[in-house]
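Some notes on the structure that comes next.
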Amino acid sequence: MHAVEESIHGIHSGLDVEINQLEDAEDAMLSFPFLDDEQARVPLRVNLESSADGLSVEVVAVRRGKDTATSNRFADDQRAQVNRRLAQGETVRLELQNGTETYDVIPALSWGRADDGTPTVTDVSVTDVQFS
């Protein structure tokens, strides 16, 4: 019985950590300058860490919900275009503070499909932040 209580406590502690990470993170938007479509943007929760080595971006979550219903929806040809451009090393834009703070980033994207079959991004990691 004691092992079950420890296991439940561990799960509860892990959930508390995840909730705190989400609360501490800030809203951001991943946009694709080569796509002229407001729906082809990915709403995120991120943490930033800056040092002499540059800027590190930890993506905590891809945001979902009613305020994001018109984003993270890509046409099939747009997903293919994003995949080609990223494979060629092209950067995309990470926007914070409603676009007043922006960074050129190289992300790794995981794709899925919404209930209606529309391509969506299900997970993001930022592999590099480029400063020119």
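The values are calculated or read from the model by the stated rules, or taken from the named source; none is laboratory data. Just so you know, these numbers come straight off a predicted model, no measurement behind them. Don't worry about glycine lacking a Cβ; one is built from the backbone with ideal geometry, like all the others, and counts go over all protein chains shown. Heavy atoms of the whole protein, side chains included, go into the accessibility calculation; ligands, DNA and RNA do not. Shrake-Rupley method; radii C 1.70, N 1.55, O 1.52, S 1.80 Å.
What about ARG85, is it within 16 Å of the chain's Cα centre (by Cα) and either of a type in the set (Gly, Ala, Ser) or open to solvent by 60 Å² or more (accessible area, probe 1.4 Å) (or both)? Spell out the reasoning first.
Numbers: within 16 Å of the chain's Cα centre (by Cα): no; either of a type in the set (Gly, Ala, Ser) or open to solvent by 60 Å² or more (accessible area, probe 1.4 Å) (or both): yes.
No; evaluated as a whole, the condition is false for this residue.
Limited to region 23-68, what total is found for residues that are assigned to a loop (DSSP other than H, G, I, E, B), over 15 Å from the mean Cα position of the chain (by Cα) and among the aliphatic types (A, V, I, L, M)? Please lay out each step first, then the result.
To start, the set of residues in region 23-68 that are assigned to a loop (DSSP other than H, G, I, E, B) comprises 25, 32-40, 52-53, 63-65.
Within this subset, residues satisfying the condition of being over 15 Å from the mean Cα position of the chain (by Cα) are 33-38, 52-53.
With the extra rule that they be among the aliphatic types (A, V, I, L, M), the set shrinks to 35, 52.
Within region 23-68, residues that are assigned to a loop (DSSP other than H, G, I, E, B), over 15 Å from the mean Cα position of the chain (by Cα) and among the aliphatic types (A, V, I, L, M) number 2.
For region 71-113, which residues satisfy the criterion of being out of contact with any strand residue (DSSP E or B) (no Cβ under 9 Å at 6 or more places or on another chain) and within 21 Å of ALA28 (Cα to Cα)?
Result: THR100, single match.
Scan region 77-91 for residues that are in contact (Cβ under 8 Å) with a residue 24 or more places away in the chain and more than 16 Å from THR120 (Cβ to Cβ) and report the count.
Residues in region 77-91 being in contact (Cβ under 8 Å) with a residue 24 or more places away in the chain and more than 16 Å from THR120 (Cβ to Cβ): 3 in total.
For residues that are at pLDDT below 95 and farther than 16 Å from THR122 by Cα, scanning just region 56-76, find the one that is least open to solvent (accessible area, probe 1.4 Å).
The extreme case among them is ASP67.
Consider GLY112 carefully, then state whether it is at pLDDT below 95 and over 12 Å from the mean Cα position of the chain (by Cα). Write out each step before concluding.
On the way: at pLDDT below 95: no; over 12 Å from the mean Cα position of the chain (by Cα): yes.
When the stated conditions are applied, GLY112 does not pass them.
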